[in-house]
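Working notes for the structure below.
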Amino acid sequence: AERYNARESEPRWQAIWDQKAIFASKNDDKRPKYYVLEMFPYPSGRIHIGHVRNYTLGDVLARFMRARGYNVLHPMGWDAFGLPAENAAIERKVAPKAWTYDNIAAMKKQLRSIGLSLDWSREFATCDPSYYKHQQKMFLDMLAAGLAEREKRKLNWDPVDMTVLANEQVIDGRGWRSGAVVEQREMSQWVFKITKYAQELLEALDGLDRWPDKVRLMQRNWIGRSEGLLIRFALDAATTPAGETELKIFTTRPDTLFGAKFMAISADHPLAQAAAAKNPKLAEFIADIKKIGTAQSIIDTAEKQGFDTGIKAVHPFDPNWKLPVYVANFVLMEYGTGAIFGCPAHDQRDLDFVNKYNLGNVPVVCPEGQDPKTFVITDTAYDGDGRMINSRFLDGMTIEAAKEEVAKRLETELRGNAPVGERQVNFRLRDWGISRQRYWGCPIPVIHCPKCDVVPVPDDQLPVTLPEDVSFDRPGNALDHHPTWKHVNCPKCGGKAVRETDTMDTFVDSSWYFARFTDPWNETAPTTPAVANRMMPVDQYIGGVEHAILHLLYSRFFTRAMKATGHIDMSEPFAGMFTQGMVVHETYQKADGAWVTPAEVKIEVDGNARRAVLLETGEDVAIGPIEKMSKSKKNTVDPDDIIASYGADVARWFMLSDSPPDRDVIWSDERVQGASRFVQRLWRLVNESAEIAKTAPAARPGTFGPEAQALRKAAHGALDKVSSGIERLHFNVCLAHIREFANALAEVLAKGDKPAADVAWAVKEAATILVQLFSPMMPHLAEECWVVLGHTGLVSEADWPQIERDLLVEDSVTLVVQVNGKKRGDVTVPRTAQNADIEAAVLALDAVKAALDGKPVRKVIVVPMRIVNVVG
Ligand code: ANZ
Ligand code: ZN
């Protein structure tokens with residue numbers, strides 16, 4: 001046969017799939033549903049190789065489940081709002097809308113060239129008014145249900161992008177996109193009350209047994225539940241500003257109360273403000289530390305600093321024990337009560353702090369087996385288990401018992417009319433601030449009226465659409481600058497009012513798109529609940545681990561909010577979650593330090609040595625470490641180039657073959673060429689098989705000789721292993737089985753002579769199974785092979801082959817061979833072999849003879865199916 005020509009074949013099959021609309025799933029389909037979803041892309045302009053991997057993984061599963069008889073939903077859309085469109089507008093004077101839709105068109109073409117089994121009939125972009133209209137409706141539903149609120153908040157303000165950033169968008173005190181030092185500003189903004197679901201979001205993680213453990217752990221930590229005690233410390237009146245009488249703290253370690261050395265409060269704490277009013281030095285200190293910002297990442301890394309307010313707090317178990325109260329930069333106002341007691345021996349931050357201010361420490365927990373008299377803490381706090389010491393009535397107790405004892409005592413002790421201590425559960429999770437001062441986002445559908453305050457936009461006026469005549473000639477929110485857009489009459493009183501000009505965080509857009517895919521045609525509601533309830537949850541969601549926290553958590557919250565407002569009747573959107581690894585590549589650098597792209601170098605291989613030279617000049621370039629593909633290091637490969645030179649099937653096969661899908665895969669041209677050779681090999685194999693298949697009897701032979709039987713066993717064995725491998729997304733293992741099976745088929749063909757009828761029949765069966773096995777990975781090649789084998793219809797529409805289970809039973813077993821208890825090799829014998837035959841086979845082994853070294857055999861012990869031990 002001629003060489004397989006992917007360039008000619010791939011677009012042809014793509015057109016046929018399209019024309020027959022075979023991947024469009026119907027909502028009234030009666031078969032069981034299977035929903036496969038890859039995280040939808042941001043329309044940046046070009047597909048990158050990471051997308052190719054992501055969508056290929058999902059596509060293999062989607063094609064497989066379709067062949068298995070499921071009504072597969074495998075849609076695609078665009079996460080289309082966000083800053084880059086505005087930046088393009090500023091830099092290149094193109095309208096955000098035009099830029100976005102142009103990018104979508106270009107990327108859609110690229111996605112099609114990968115040969116994905118996507119249902120394009122459901123496509124939408126989150127910037128389509130027909131999508132965000134429903135998002136606005138749900139916002140209003142949430143407002144009515146108390147799940148959206150307006151709140152005054154200290155916010156991270158990015159002075160360059162002129163927008164509020166979420167805490168997680170602040171990296172080392174700087175904006176994640178602009179890199180500008182972030183400031184703190186107090187502003188009113190819209191929040192979603194995700195904290196109402198904190199406990200539920202945490203508990204439900206246990207039921208998500210098809211999620212990676214690491215993702216569930218990340219979510220758990222993010223939600224950050226901790227059980228502790230709220231303690232009211234009395235303040236010493238003589239040292240305290242008038243009006244202040246007590247300091248409330250939250251602690252998870254009440255057992256360490258006798259190790260307390262100081263109290264610390266946040267710079268934003270009212271007591272700090274009160275003390276600063278009379279102390280200019282303190283006021284200055286507070287101003288200073290506020291400049292650094294209060295993002296967690298800064299607090300964790302900044303040097304611990306404090307200022308002694310002069311105020312003293314009284315120890316709850318000893319009226320004569322006074323503790324100094326500091327303002328400290330490592331205490332956050334937003335967590336607990338914004339105040340702590342510091343126990344330096346058992347908390348590293350507290351220890352760093354006392355070491356700086358010479359306050360000393362007293363250990364109160366002694367590790368088991370340590371002598372309390374010699375147990376001292378210097379630079380490293382001890383946060384492990386042990387017994388209480390130096391702690392009066394707690395001495396000798398375990399930490400747990402001591403916590404309980406302190407809680408019991410303080411709970412029952414009253415000051416004023418209130419208990420001194422109170423058990424409390426705290427969450428680290430904050431409500432989700434969704435206001436963004438940006439143009440290219442979903443408008444928040446409310447109107448601010450001087451008389452009526454916040455008025456929802458009436459349903460019949462939705463969507464509130466973005467104006468298109470906007471200018472980006474000055475920084476800030478173009479919606480706010482627009483001459484007319486925001487000026488409206490109040491829907492309630494008819495008076496002059498203004499629209500909300502904040503738009504929603506783009507994470508809102510991606511928090512329900514998966515539900516919209518179930519019925520994107522519904523013009524009057526976000527979902528058609530009966531359909532959404534049937535098609536959801538997503539059975540397998542696939543995406544990058546970078547979205548393991550926020551996107552998944554927000555989606556889980558939003559699904560609950562949709563449930564509360566009647567748009568869907570379930571809580572968890574993703575039954576299965578898979579996080580794929582990255583595509584990485586080695587880096588190349590010229591002698592002058594300039595990075596060069598993989599396309600510009602040629603690799604010369606000499607034995608084990610690899611050398612890189614510049615294609616154009618032959619100049620040597622250094623091969624650097626393998627890294628995540630990035631523009632700065634130029635170690636990217638362009639999917640278009642790959643598909644143009646090798647075809648999509650090769651790219652897909654390579655992505656799947658080289659490493660498990662959850663690990664990084666190293667892109668290497670040499671290995672890609674290997675995949676390309678394998679494609680040609682399969683093509684030849686199928687063509688040769690087709691010649692033999694022509695001679696096969698139409699009817700299945702009644703019996704099969706040993707050769708035919710062996711081939712059939714290989715075929716059904718591969719079918720079994722690949723089927724279960726795909727279900728578990730162990731794609732690299734599946735590909736290894738396919739290779740092995742292809743070899744078995746090739747061996748039969750290599751015999752050359754005209755095969756007997758039973759063998760010819762088995763070859764036809766084997767070739768058919770082989771093509772079906774690789775069809776989810778290399779669908780274009782598979783369609784072409786399907787034709788060659790004389791099958792009608794499309795392999796993409798064919799049912800998955802039936803496994804004949806009785807062919808899976810192995811005929812032989814392999815036993816470990818030991819001589820005097822030491823492994824010397826193994827032996828493979830027929831499953832039905834008698835012990836005497838096994839003994840004879842073992843004693844004939846060279847390794848056994850060598851180990852015996854002429855000594856007589858005293859005994860041979862056979863452990864059936866496992867071990868043979870020769871005693872000499
Ligand atoms: C005394 C103590 C002794 C603490 C000890 C820890 C170890 P999680 O587990 O994250 O809830 N803390 C409380 N509020 C804080 C705030 N606003 N800013 C900074 N730190 C704060 O952490 C609870 C612990 O973090 C609390 O328990 C408190 O310090 C500190 F050996 O109290 B601990
Ligand atoms: Zn009004």
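The values are calculated or read from the model by the stated rules, or taken from the named source; none is laboratory data. This structure is a prediction, so every number in the text was calculated from the model and none was measured. Cβ sites come from the backbone with ideal geometry, for glycine too, and all protein chains shown count toward neighbours.
Listed values, structure above:
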| item | result |
| --- | --- |
| Helices (runs of 4 or more DSSP H) completely within the stretch 221-328 that count 3 or more residues being of a type in the set (S, T, N, Q) | 296-301 |
| Test: residue 539 is charged (D, E, K, R), more than 16 Å from ligand 1 (Cβ to nearest atom) and under 30 Å from residue 211 (Cβ atoms) | yes |
| Out of 88, 95, 106, 145, sole residue that is out of contact with any strand residue (DSSP E or B) (no Cβ under 8 Å at 6 or more places or on another chain), without any contact (Cβ under 8 Å) to a residue 12 or more places away in the chain and of a type outside the set (S, T, N, Q) | 88 |
| Residue count, the stretch 652-679 (criterion: assigned to a helix (DSSP H, G or I) and either of a type in the set (Ser, Thr, Tyr) or surrounded by 14 or more Cβ atoms within 10 Å (Cβ to Cβ) (or both)) | 15 |
| Residue among 458, 445 that alone is more than 30 Å from residue 224 (Cβ to Cβ) and either surrounded by 16 or more Cβ atoms within 10 Å (Cβ to Cβ) or in contact with a Cys (Cβ under 7 Å, 6 or more places away or on another chain) (or both) | 445 |
| Of the criteria (1) touching a residue at least 60 places away in the same chain (Cβ under 8 Å); (2) within 19 Å of residue 126 (Cβ to Cβ), which one residue 580 fails | (2) |
| Test result for residue 169, modelled with pLDDT under 90 and closer than 26 Å to residue 515 by Cβ | yes |
| Residue list for the stretch 105-130, filter: out of contact with any His (no Cβ under 9 Å at 6 or more places or on another chain) and more than 19 Å from residue 643 (Cβ to Cβ) | 121, 122, 123, 124, 125, 126, 127, 128, 129, 130 |
| Test result for residue 606, charged (D, E, K, R) and touching a residue at least 24 places away in the same chain (Cβ under 8 Å) | no |
| Some residue of the stretch 805-828 being crowded, with 16+ Cβ neighbours inside 10 Å and part of a loop (DSSP other than H, G, I, E, B) | no |
| Qualifying residue in the stretch 192-200 (condition: surrounded by 15 or more Cβ atoms within 10 Å (Cβ to Cβ), among the polar types (S, T, N, Q), under 20 Å from the mean Cα position of the chain (by Cα) and in a helix (DSSP H, G or I)) | no |
| Residue tally, condition surrounded by fewer than 23 Cβ atoms within 10 Å (Cβ to Cβ) and assigned to a helix (DSSP H, G or I), over the stretch 521-552 | 10 |
| Among the candidates 232, 185, residue that is surrounded by 16 or more Cβ atoms within 10 Å (Cβ to Cβ), out of contact with any helix residue (DSSP H, G or I) (no Cβ under 6 Å at 6 or more places or on another chain), of a type in the set (D, E, K, R) and at negative phi | 232 |
| Residues of the stretch 667-686 satisfying the condition of being at pLDDT 90 or above and not charged (D, E, K, R) | 672, 673, 674, 675, 676, 678, 679, 680, 682, 683, 685, 686 |
| All positions within the stretch 201-219 that are over 14 Å from the mean Cα position of the chain (by Cα) and among the charged types (D, E, K, R) | 203, 206, 209 |
| Total residues in the stretch 607-639, condition under 13 Å from residue 596 (Cα atoms), under 24 Å from the mean Cα position of the chain (by Cα) and surrounded by 15 or more Cβ atoms within 10 Å (Cβ to Cβ) | 4 |
| Every pair of residues 6+ apart whose Cβ atoms lie under 9 Å, when the first sits in the stretch 476-500 and is over 15 Å from residue 453 (Cβ atoms) and among the polar types (S, T, N, Q) while the second is within 8 Å of ligand 2 (Cβ to nearest atom) and not in a strand (DSSP E or B) | 489/495 |
| Boolean, residue 683 is under 24 Å from the mean Cα position of the chain (by Cα) and closer than 30 Å to residue 745 by Cβ | no |
| Cβ-Cβ under 6 Å pairs, at least 6 apart or on other chains, the stretch 240-252 side within 22 Å of residue 227 (Cβ to Cβ), far side crowded, with 17+ Cβ neighbours inside 10 Å and of a type in the set (D, E, K, R) | 248/232 |
| In the stretch 333-371, the residues that are more than 12 Å from residue 260 (Cα to Cα), in contact with a Gly (Cβ under 7 Å, 6 or more places away or on another chain) and in a loop (DSSP other than H, G, I, E, B) | 367, 368 |
| Exclusive hit being more than 35 Å from the chain's Cα centre (by Cα) and farther than 14 Å from residue 81 by Cβ, set 520, 458, 445, 475 | 458 |
| Helices (runs of 4 or more DSSP H) contained in the stretch 1-117 and holding at least 2 residues within 27 Å of the chain's Cα centre (by Cα) and basic (Lys, Arg) | 49-67, 96-112 |
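This table checks each residue for (1) within 16 Å of ligand 2 (Cβ to nearest atom); (2) under 20 Å from residue 413 (Cβ atoms); (3) over 44 Å from the mean Cα position of the chain (by Cα).
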position: 306; (1), (2), (3): no, no, no
position: 310; (1), (2), (3): no, no, yes
position: 322; (1), (2), (3): no, yes, yes
position: 329; (1), (2), (3): no, no, no
position: 333; (1), (2), (3): no, no, no
position: 338; (1), (2), (3): no, no, no
position: 343; (1), (2), (3): no, no, no
position: 349; (1), (2), (3): no, no, no
position: 354; (1), (2), (3): no, no, no
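Here's the yes/no breakdown for (1) away from ligand 1 (no atom under 15 Å from the Cβ); (2) modelled with pLDDT of 95 or more; (3) charged (D, E, K, R):
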position: 348; (1), (2), (3): no, yes, no
position: 363; (1), (2), (3): no, yes, no
position: 367; (1), (2), (3): no, yes, no
position: 378; (1), (2), (3): yes, yes, no
position: 392; (1), (2), (3): yes, yes, yes
